[in-house]
1. Name the residue, out of PHE25, PHE43, that is in contact with a helix residue (DSSP H, G or I) (Cβ under 6 Å, 6 or more places away or on another chain) and modelled with pLDDT of 90 or more.
2. Go through the stretch 58-81 and report how many residues are of a type in the set (Ser, Thr, Tyr) and modelled with pLDDT of 90 or more.
3. From the residues in the stretch 5-18 that are within 11 Å of the chain's Cα centre (by Cα) and of a type outside the set (Val, Ile, Thr), which one is surrounded by the fewest Cβ atoms within 10 Å (Cβ to Cβ)?
4. Identify all residues within the stretch 79-89 that are surrounded by 11 or more Cβ atoms within 10 Å (Cβ to Cβ), assigned to a helix (DSSP H, G or I) and without any contact (Cβ under 8 Å) to a residue 60 or more places away in the chain; write none if there are none.
5. Specify which of the listed residues (GLY35, GLY21, GLY28, GLY41) is buried (at least 16 other Cβ atoms within 10 Å of the Cβ), among the small types (Gly, Ala, Ser) and outside any helix (DSSP H, G or I).
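The values are calculated or read from the model by the stated rules, or taken from the named source; none is laboratory data. Remember, it's a predicted structure, so these values are computed and weren't measured experimentally. Every residue, glycine as well, gets a Cβ built from its backbone with ideal geometry; the counts of neighbours run over all protein chains shown.
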Amino acid sequence: MSINSITFKIMTTKIISWLFGIVFFAIGLVNLFWGDDSLFGAFIILLSFLYFPPVNSLLKEKTGFTITNTVKIVLAIFILWATLGVGELFDKTDLMLNDFKS
């Protein structure tokens with residue numbers, strides 16, 4: 001494997017990780033401020049920090065271990081299932097949009 005392909009893989013992983021972190025942070029904010037699941041929203045926000053590469057680097061520096069990509073994928077499936085299925089994200093998004101319109 002060449003250096004360019006390794007660098008490309010690392011950069012792609014970091015970009016995807018940033019995107020998931022931002023999306024899950026936004027989902028957490030919606031759950032925090034709209035509806036009746038503020039603790040659930042705070043929990044999702046805390047989990048979203050695991051996707052940000054600087055937090056992963058800090059975790060490795062302080063504790064010596066990191067969250068693997070496999071764990072991040074399983075966690076992403078759980079977050080999506082919990083927010084879309086159980087957490088009624090679409091209803092809360094409608095509430096949010098109605099608040100911004102008025």
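1. Exactly one of PHE25, PHE43 is in contact with a helix residue (DSSP H, G or I) (Cβ under 6 Å, 6 or more places away or on another chain) and modelled with pLDDT of 90 or more, namely PHE25.
2. Here the count works out to 2.
3. The qualifying residue surrounded by the fewest Cβ atoms within 10 Å (Cβ to Cβ) is TRP18.
4. ILE79, LEU80, TRP81, ALA82, THR83, LEU84
5. GLY35
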